[in-house]
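Everything below concerns the one structure shown next.
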Amino acid sequence: MMVDGKKITYFILLIISALLVGILYVAPQFFIGRALKAQDRPHLVAPYNLHSDEMINYLPRGREVYDGHFFVSDLFSDRKLFSPTTALPPLIMSLPIFVAGGNINFAYQIAQFSFSALIFLAFYFLGKVVLRSRPWSFFLAFAATLTPLARDLPRGFFSLDSFLNKIVKNFVPIVQTQFDHLALYRMDDPLITFLIFIPTLIALFVFWQNPKKSTAVLFGALVGLLVYTYLHYWMYLALVLFLLTVYAFFNRRKDSARFYYLAISCAVFLLFALPYILNILNISNLNFVADWRDRNNAEEIGRQIYLSSTIPHYIFYAILALAVYWVFWKQKKQDTAVLWWSFIGVMPLLLNMQIMVGFNVAPDHWFFAFSPLALLLILSIAIELVKKIDKKWIVAALLILISLVVAKKIVNAFTFINPMPEVLEAHTIDRPIIDSWDWINQDLPDEPRIGSTSFLTSAHLAVYTSARPYLPTFFNTYLTNEEGEERVLQMQKLFGASPEFLGILFRAKGRSEMTCEEIRILYKNPLLKCSPLTLHNLTDYFYPFYYYYFREKDYSTINSVYPHLEMPEERVRGLLNRYEDMPSLNWRDLPLDYVYSGPLEKELAGSELENNPELKMVYEKGGVEIYEIIRQ
């Protein structure tokens with residue numbers, strides 16, 4: 001049997017390319033870690049100030065699976081409901097944590113390396129199915145993983161600046177700004193989401209090109225798995241499936257098999273989605289779930305129509321739809337055109353979902369599902385347009401573009417050989433804090449319940465230890481706002497914070513609105529260390545808990561609207577009144593085992609805990625103290 005040497009060469013090249021992408025994803029952190037080690041400072045690859053979503057929302061859930069809790073439920077209370085949040089991402093994230101033996105730093109790097117390499121392979125095979133060309137497939141894979149094109153492509157055409165920044169500059173190997181992360185780094189989306197979404201697209205294209213029962217079942221099952229992965233992606237493809245089924249129904253006399261198989265896809269999808277739907281219906285009527293929903297959702301309630309911000313989207317989709325008509329429909333490729341029109345036509349429907357159902361959920365996220373397809377469609381059109389050009393010239397052009405993209409990321413990685421001081425500062429934390437995490441993991445019983453006054457301590461303990469922090473973060477608890485606030489007030493009372501201090505803390509503007517000097521003046525502390533965590537701790541105190549709760553609704557735009565960080569004055573006064581009316585507390589009154597007091601707690605309250613007869617100091621190092629609550 002003859003071995004095809006060309007295929008072997010391409011296979012080796014494919015594997016080397018995937019490994020190269022993985023290396024480029026972790027290279028900046030390698031150099032940052034090396035520089036910090038030379039300074040004898042600890043290294044955090046996912047610091048809170050740069051990765052707040054991962055630290056508050058997603059990494060704790062992966063840690064929870066590692067600690068033996070699947071399905072993931074409430075991390076901060078005993079309400080063991082089946083979570084409305086997705087189940088697959090924490091399960092997938094737990095795999096590198098298991099490989100790393102619980103070392104979150106190492107696990108995060110494993111995920112960045114392996115997941116980005118797998119996504120590269122997925123895009124390559126997607127290209128093989130759709131573009132039917134190895135060179136074009138390689139270009140698709142490199143462009144999708146090393147540039148923002150598969151993540152943010154529509155917006156790259158909305159203005160000249162966007163075109164230059166999001167598209168052109170990615171092919172110019174000159175680095176003006178250091179990026180310690182690449183385009184697909186975020187968890188859960190897209191680094192984990194794409195592991196499911198791109199294979200689902202492959203299954204859809206394979207089915208559409210040659211409808212079979214087996215591929216129909218596979219496609220329906222994968223869309224069903226997306227239900228447990230990320231909301232915007234499964235809703236996008238579920239609507240695409242619906243439109244394709246409607247088309248096949250009206251075309252069933254010409255192609256009855258396609259309609260039959262799509263009906264099977266729908267049935268399989270519903271079978272997978274049914275447990276999720278029933279769970280949502282079950283918990284949606286529980287009174288405490290309303291606060292969870294309002295804290296989490298960038299939800300627009302009402303039937304208003306987004307105006308100016310959607311017009312560039314509509315123009316982009318209209319141009320693509322016309323291009324599909326000229327390139328595919330007029331060339332007698334009607335089935336191909338219908339598929340692309342379905343991908344495009346879903347977008348205006350989702351952007352205006354509130355008109356039909358009375359609400360829209362994070363409308364700025366819908367194009368994330370369409371971006372990979374937009375890139376794929378543009379390349380498909382390009383292939384059709386350059387058919388008459390000598391293939392050698394096309395391959396040469398693609399190789400040049402790939403080389404430029406790779407060179408850009410190599411240059412970016414090497415800029416971190418000597419990282420800027422602010423980069424190093426952003427990726428480190430006081431060593432005594434890390435030492436305390438290690439001690440908790442090694443010397444305390446499994447899942448100790450630990451109290452502190454800082455939400456940031458809670459966020460870090462939930463990721464780097466198996467502890468159960470007392471202060472909850474918004475995404476991973478079903479505690480009501482009142483219950484979460486009560487825990488804050490209890491901790492502040494026991495740590496001895498004054499009402500005057502809490503008034504300043506609760507009213508402080510967001511970190512982006514205050515300079516370090518303004519914060520020092522506000523807290524009357526000229527020696528205050530303005531580290532990234534301090535800025536979050538003292539100016540965004542309630543952000544990890546309330547998150548979207550106080551966000552202003554804005555129906556004029558579908559663009560990202562960041563959570564409102566400033567509490568209404570009425571809310572602040574209510575909390576202060578509750579604090580002043582709160583009766584005296586004892587540590588033994590609370591469901592806690594230990595108390596944590598580190599640099600962040602000392603910024604928030606200056607109370608001495610060591611003389612409290614209810615507490616026994618069991619750890620002290622470098623300004624971090626841990627006390628055991630004596631229950632006798």
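Of all beta bridges that DSSP places with both ends in the chain, some 75 percent have antiparallel geometry. Counting every alpha-carbon pair across the chain, the share separated by more than 46 Å comes to 21%. Between the residues 609, 118, 251, the greatest Cα displacement towards the positive end of the dipole of the chain, with unit charges on the Cβ of Lys, Arg, Asp and Glu, is found for 251. At a Cβ-Cβ separation cutoff of 4.7 angstrom, cysteine residues of the chain with no neighbouring cysteine are 266. Relative to the globular-protein estimate of 2.2 N^0.38 Å, the Cα radius of gyration of segment 431-629 stands at 1.03. Taking the number of Cβ atoms within 10 Å of each Cβ as an exposure proxy, the fewest-first ranking of 138, 30 is 30, 138.
Here the sum of -39500 (n - 2.57) over DSSP H runs of 4 or more residues, divided by the residues of the chain, equals -18500 deg cm²/dmol at 222 nm, to the nearest 500.
In this simple spin-label model, placing a label point 7 Å from the Cα along the Cα-to-Cβ direction at both residue 443 and residue 418 gives a separation of 4.2 nm. Rounded to the nearest 10 degrees, the angle from helix 213-226 to the longest Cα principal axis of the chain is 30 degrees. Since only 95, 546, 73 are under comparison, the one whose Cα sits farthest along the positive direction of the charge dipole of the chain, derived from C-beta charges on Lys, Arg, Asp and Glu, is 95. The simple spin-label model puts a point 7 Å past each Cα toward its Cβ; for residue 162 and residue 608 those points are separated by 6.0 nm.
Measuring r between the beta carbons of residue 4 and residue 260 and using R0 = 35 Å, the FRET efficiency lands at 0.40. Measuring between their Cα centroids, segment 339-394 and segment 7-64 lie 29 Å from each other.
With the simple spin-label model, which puts each label point 7 Å out from Cα in the Cβ direction, the residue 253 to residue 293 separation comes to 4.5 nm. Once you sort the root eigenvalues of the Cα gyration tensor of segment 492-549 as a ≥ b ≥ c, which label holds: rounded (a/c under 1.5), prolate (a/b larger than b/c) or oblate (the other case)? Note, shape of segment 492-549 comes out oblate.
Placing one equal scatterer on every Cα of segment 1-191 and applying the Debye formula, the log10 ratio I(q)/I(0) at q = 0.14 Å⁻¹ is -0.94.
Scanning the chain for GluC sites (Glu not before Pro) lying in DSSP loops with no more than 14 further Cβ atoms inside 10 Å, the longest uninterrupted stretch between such sites is 1-551. Were the residues from residue 210 through residue 331 laid out at 0.36 nm apart, the gain over their Cα-Cα distance would be 41.7 nm. Each Lys or Arg adds one and each Asp or Glu subtracts one; over the other residues with Cβ under 15 Å from the Cβ of residue 229, this totals 0.
Using a cut-off of under 11 Å, list every residue of segment 350-368 whose amide N is near the label point 7 Å from the Cα of residue 285 along the Cα-to-beta-carbon line. Nothing falls inside the zone, counting backbone N under 11 Å. Cβ-to-Cβ counts within 10 Å put 573, 520 in ascending order as 573, 520, the fewest first. A Cβ-based charge dipole, computed about the Cα centre of the chain with Lys and Arg at +1 and Asp and Glu at -1, lands at about 3860 debye.
Every read-out reported here was derived from the displayed coordinates using simple, explicitly stated rules and does not represent laboratory data. The structure displayed is predicted, hence computed values, not measured ones. Quick reminder, even Gly has a Cβ in these numbers, built from the backbone with ideal geometry, and neighbours come from all protein chains shown.
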